[in-house]
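Asker: Shown below is the structure under consideration.
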Amino acid sequence: MKDYRLFDISDFVIDDDFIRWVLQGTKADNDFWNHWLEVNPDKYMVVAEARKILESIRTEERIISTDERENEINKLLLTINEKDGGRKFTQLPLLSRSVSISRKTWWYAAAAILIGVVGITGYALQKGEKATEQFSYGTVTPSKHLIESVNTSEKMIRLELPDESIVELAPNSRIGYPNDFDSSNTRDVYLSGEAFFKVTKNPARPFRVFANEIVTKVLGTSFMVRSFEKDTVIQVTVRTGKVSVYSQVKGTATSRTTSQLGGIILTPNQELVYKKSEQRFQKSLLAEPIEITPKTAYQENMLYEEAPLERVFSQLSRSYGINIVYDVELLKNCTVTADLRNEPFYRKLDLICKAIGADYEINDGQIVIVTKGCD
């Protein structure tokens, strides 16, 4: 059975069932995929981009054999290699049977995958400097008449904003903000460098951090943004609450998709990395997740004796705010005996997986349990 939670764009655009849904849209397919997206909202961006690729190349269908497809892809690879100064790209894995899809659909889907994954770098490099300069702190802030704080020391400094939000500004960093937030519908601040924010809740006025190419939007939470102009990446890390992050660079697949979906959502212990050269986001978990609930609320409950696995995973997920994906039916009879009270997150996870004979993967900022069943 396919596990679509592990699919990326290149997997979706060559999947028979996904292609049928996009091109035919039967009621059964619509019901399945709408429900799947409700259960897996973190996959909205990937699915939307895959749909966009397929919808843009809809045409009359006919049968394409594996040989025909292989020949077309080899031509495509040769063309890309020639246009990219001799760089060599490996061939995509091919399906072992024919698929009812047009030659043109497959050709452009393959092109979109290859160019999107490995060819976009050349395009991004040509426009990267212009995009970075357009949204840099030095370009944006002079006309806004902001209060500016600069940390020239070797330690973090603590600032209080007009709305009583707290900022811990890292060395060699600067932040600009207005004298008050009353004259705008949003609370906008501008960052060059690194800062940790603890935002005062105000649903009527969302809090936004502009950090070069990206914007982080919140209502009330604590998070960190690192965006030095000379760095090749921008990082956003969430400690509590929830934030959405989107790109300011217009016209890219990333900006269009994140705008349509209201930004990429980050929850506690998740980190988002924006690669400037590729103008793309990548979501992951922190190397050392922290607990988001008081220890007294759950610590005594993490001493397990033949405890149902569902309860163990549920408590672990709530304690750290991290989604844990697993096959409930397959593992419904599994139990865990372990003392997890004073262990860090990944040690807890290792002990649980050892108890049931499983492994885990980190995918798109969540934990995916990989197993064939209990030992």
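Asker: Mind listing whichever residues of the stretch 140-171 are surrounded by 11 or more Cβ atoms within 10 Å (Cβ to Cβ), closer than 19 Å to residue 231 by Cα and over 28 Å from the mean Cα position of the chain (by Cα)?
Answerer: Passing the criteria: 150, 151.
Asker: Among (1) surrounded by fewer than 17 Cβ atoms within 10 Å (Cβ to Cβ); (2) closer than 19 Å to residue 265 by Cβ, where does residue 222 come up short?
Answerer: Going through (1) surrounded by fewer than 17 Cβ atoms within 10 Å (Cβ to Cβ); (2) closer than 19 Å to residue 265 by Cβ one by one, residue 222 breaks only (1).
Asker: Can you tell me which residue among 285, 303, 330 is open to solvent by 40 Å² or more (accessible area, probe 1.4 Å) and in contact with a strand residue (DSSP E or B) (Cβ under 6 Å, 6 or more places away or on another chain)?
Answerer: Answer to the check: 303.
Table: residues versus (1) closer than 24 Å to residue 370 by Cβ; (2) modelled with pLDDT of 80 or more; (3) of a type in the set (D, E, K, R); (4) touching a Gly at 6+ places or on another chain (Cβ under 6 Å).
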residue	(1), (2), (3), (4)
10	yes, no, no, no
24	no, yes, no, no
38	yes, no, yes, no
41	yes, no, no, no
51	no, yes, yes, no
67	no, no, yes, no
81	no, no, no, no
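Asker: A further question on this structure: Just name the residue that is nearest to residue 223 (Cα to Cα) out of those in the stretch 172-195 that are part of a strand (DSSP E or B) and open to solvent by 30 Å² or more (accessible area, probe 1.4 Å).
Answerer: First pass over the stretch 172-195, keeping only residues part of a strand (DSSP E or B): 173-177, 187-195.
Restricting the remaining residues to those that are open to solvent by 30 Å² or more (accessible area, probe 1.4 Å) gives 174, 194.
Working: 174: 17, 194: 11 Å.
Of everything passing the filter in the stretch 172-195, 194 is nearest to residue 223 (Cα to Cα).
The values are calculated or read from the model by the stated rules, or taken from the named source; none is laboratory data. Just so you know, these numbers come straight off a predicted model, no measurement behind them. Cβ atoms come from the backbone with ideal geometry, glycine included; neighbour counts cover every protein chain shown. What goes into the accessible areas is simple: the full protein's heavy atoms, side chains included, and nothing from ligands, DNA or RNA. Shrake-Rupley method; radii C 1.70, N 1.55, O 1.52, S 1.80 Å.
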